[in-house]
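A.B. asks: Please read through the structure below; I'll follow up with questions.
What follows is calculated from the coordinates using simple rules that are stated; it is not laboratory data. What you see is a predicted model, and the numbers here were worked out from it, not measured in a lab. No Cβ is skipped: glycine too gets one built from the backbone with ideal geometry, and neighbour counts run over all protein chains shown.
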Ligand code: BES
Ligand code: MN
Ligand code: ZN
């Protein structure tokens, strides 16, 4: 889908004779380890240029040299790494992103990146080189498919000028074959992240439930079994809460079920990932204000993450059985829309009083969470949803809100968050919060009032979690869409969650 993927190849170290090359410079006394590849005069020239520019090799700084006389390159870019000795977690991928930010493609659509650590080339392991390559790929993403190509005279660097698009990056390192192998699984993950970003960035006139389901269906090429349940099937299953959300839309609701069977035994219990896929959230009859409503095209970021993750797992042939279930609806106001005050009976039998039609995500999740547990008896369930504005108030855009009945799963996710940079922060659940969603006329109501809005939404979901199912709800309203820019993402849609859950599964649930 995405049009901006740059191909990455690996090669042995030898400074190229033309074009653009990036070399690294460490923080501290070993300022130019990579300058070993230049001749002595070249190295002295670098030292001098660094002094003039007060370049000290700190991370996110660079020394850009155009047509340096000592080499045949058009451009030599020295990128600071900071203290490599302190690198952990996401730091290598983030370095890759920093490097990518210095490459425009203007020097001919191809660039060389020389990866050598302080002192000796082999101080950067092949795994670390592969992480750098992951960062190069993630940072290179741009959603530019709706930008018309500019004329030759008007080539600004906004990425839609195909002539200055970077097409290929050659990563030079000590052991290219090993780095190439190590990159294979990262490439699968990167493609999953970019797929999720594409889905979230796509406007809602183009991507409704049907089109989203088709994107899920396309995973069958990778060996994922995909079923798409239509309204008839959903009615038969009794998913009245999900259907109530979609009943105001001209576009029918759908549920997609994706299954990847990669474990040694095809019968071992799957892990389950469930996503909110509200393709557009107007709020329904409880209509949202106009200001910022356009962002609600991203209210399917949870479902996009599930599709991206299933892509990653299948593409890297993960040794796990995993099911992904997404509820695809559009929340619209119309003559057929649900009303505030309506009571619907969810698939589980729980009755819901709809106080606010804008609290729709939890109604969608109620039915697919129940369905997932009934049908698959999963080892655990993690759901992702752009569920509440309140989580932005609590945590901003730095962490996803995490709610759970299982400490172990929380610890594992917290750790996976630190290693991928997709961080989570646990927020409380409890019986007193649960009381806040008791309804006067039904079993529960779909809003809990002004206070603790993210927690009462999570309490609502927990009403549909069976005793004994380890469960985590990730509220990604702040991290999945309208996201902060980072070293590895310049995109409005971050693809949040794909790397996090891939890492959770890779670290604890494979083999
Ligand atoms: N999709 C929104 C939550 C949201 C808000 C996501 C901002 C991303 C950015 C959700 O469906 C919603 O409208 N939630 C309401 C719940 C309220 C009516 C109880 C909210 O957060 O205001
Ligand atoms: Mn809403
Ligand atoms: Zn919503």
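A.B. asks: With viscosity set to 0.692 mPa s at 37 °C, what whole-number translational diffusion coefficient in µm²/s follows for segment 180-240 from Stokes-Einstein and a Kirkwood radius over Cα pairs?
C.D. replies: 237
A.B. asks: Would you mind calculating the relative contact order of the chain from Cα pairs under 8 angstrom and at least 6 residues apart, reporting the percent as a whole number?
C.D. replies: This gives 16 percent for the chain.
A.B. asks: In whole Å and largest first, what semi-axes does the C-alpha gyration tensor of segment 317-396 yield when each eigenvalue is scaled by 5 and square-rooted?
C.D. replies: Equivalent ellipsoid of segment 317-396: 27, 18, 12 Å, largest first.
A.B. asks: Which order do 508, 473, 311 fall in if you start with the one that has the fewest other Cβ atoms within 10 Å?
C.D. replies: 508, 311, 473
A.B. asks: For segment 250-306, what does the convex hull of the Cα positions come to per residue, in cubic angstrom?
C.D. replies: 103
A.B. asks: In angstroms, what radius of gyration and Dmax does the chain have, counting Cα atoms only?
C.D. replies: 24.5, 83
A.B. asks: Based on the alpha carbon coordinates of segment 351-448, what radius of gyration and maximum Cα-Cα distance (Dmax) apply, in Å?
C.D. replies: Expressed in Å, the Cα Rg and Dmax of segment 351-448 come to 15.0, 46.
A.B. asks: Round to the nearest 10 and give me the degree value, 0 to 90, for the angle of helix 301-315's Cα axis relative to the longest principal axis of the chain.
C.D. replies: It is inclined by approximately 60 degrees.
A.B. asks: Could you work out the helix-only [θ] at 222 nm for the chain, with each DSSP H run of four or more residues adding -39,500 (n - 2.57) and the total divided by the number of residues, to the nearest 500 deg cm²/dmol?
C.D. replies: -10000 deg cm²/dmol
A.B. asks: Then there's this: May I ask you to order 286-296, 477-487 by the average number of other C-beta atoms within 10 Å around their residues, highest value first?
C.D. replies: Descending mean neighbour count gives 477-487, 286-296.
A.B. asks: What relative contact order, as a whole-number percentage, does segment 407-485 give when Cα pairs under 8 Å and 6 or more residues apart are counted?
C.D. replies: 25
A.B. asks: So, one more: Give me the Debye-computed log₁₀ of I(q)/I(0) at q = 0.14, 0.16 Å⁻¹ for segment 361-416, equal point scatterers on Cα only, no solvent, two decimals.
C.D. replies: Summing over Cα pairs of segment 361-416 leads to -0.48, -0.63.
A.B. asks: For segment 261-341, compute Rg over Rh where Rg is the Cα radius of gyration and Rh is the Kirkwood radius from the inverse mean 1/r over Cα pairs.
C.D. replies: The Rg/Rh ratio comes out at 1.18.
A.B. asks: How long are the semi-axes of the equivalent ellipsoid of segment 447-502, taking √(5λ) for every eigenvalue λ of the Cα gyration tensor, in whole Å from largest down?
C.D. replies: For segment 447-502, the semi-axes come out at 27, 17, 6 Å.
A.B. asks: Now for a separate question. Give me the angle, in degrees from 0 to 90, between the Cα long axis of helix 361-376 and the longest principal axis of the Cα atoms of the chain, rounded to the nearest 10.
C.D. replies: Value to nearest ten degrees: 90.
A.B. asks: On a 0 to 90° scale, report how tilted helix 91-101 is relative to the longest principal axis of the chain, with both axes built from alpha carbons and the result rounded to the nearest 10.
C.D. replies: 70
A.B. asks: If you don't mind, there's one more thing I want to ask. Tell me, what is the percent relative contact order of segment 240-345, built from C-alpha pairs under 8 Å that lie six or more residues apart?
C.D. replies: About 50 percent, as a whole number.
A.B. asks: Among bridges DSSP assigns within the chain, what percent are antiparallel (round to 5)?
C.D. replies: Antiparallel: roughly 40 percent of the beta bridges in the chain.
A.B. asks: Find the Rg to Rh ratio for segment 417-511, where Rh is the Kirkwood radius over alpha-carbon pairs and Rg uses the same atoms.
C.D. replies: Radius of gyration relative to Kirkwood radius: 1.05.
A.B. asks: If you average 1/r across every pair of different Cα atoms in segment 203-288 and take the reciprocal, what Kirkwood value do you get, in Å?
C.D. replies: Averaging 1/r across every pair of different Cα atoms and inverting gives 14.7 Å.
A.B. asks: Which stretch or stretches of segment 235-268 have amide N atoms under 11 Å from the point lying 7 Å from residue 145's Cα along the Cα→Cβ direction?
C.D. replies: none
A.B. asks: By how many nm would the segment from residue 104 to residue 86 grow when fully extended, if each residue of separation counts as 0.36 nm and the alpha-carbon distance is taken off?
C.D. replies: Value of the extension gain: 3.6 nm.
A.B. asks: Here is a further query. Quick one: Cα centre-to-centre distance for segment 413-469 and segment 334-375, in angstrom?
C.D. replies: 16
A.B. asks: Would you list 360, 490, 116 from fewest to most Cβ contacts within 10 Å?
C.D. replies: By the 10 Å Cβ count, ascending, the order reads 490, 116, 360.
A.B. asks: Please grab the % of Cα pairs in segment 229-383 that end up more than 22 Å from each other.
C.D. replies: More than 22 Å apart: 41 percent of the Cα pairs in segment 229-383.
A.B. asks: Tell me, how many Å apart are the Cα centres for segment 267-314 and for segment 201-250?
C.D. replies: Using only Cα atoms to place each centre, the spacing works out to 11 Å.
A.B. asks: What is the order of 101, 249, fewest Cβ neighbours within 10 Å to most?
C.D. replies: Ordered from fewest to most neighbouring Cβ atoms within 10 Å, 101, 249 come out as 101, 249.
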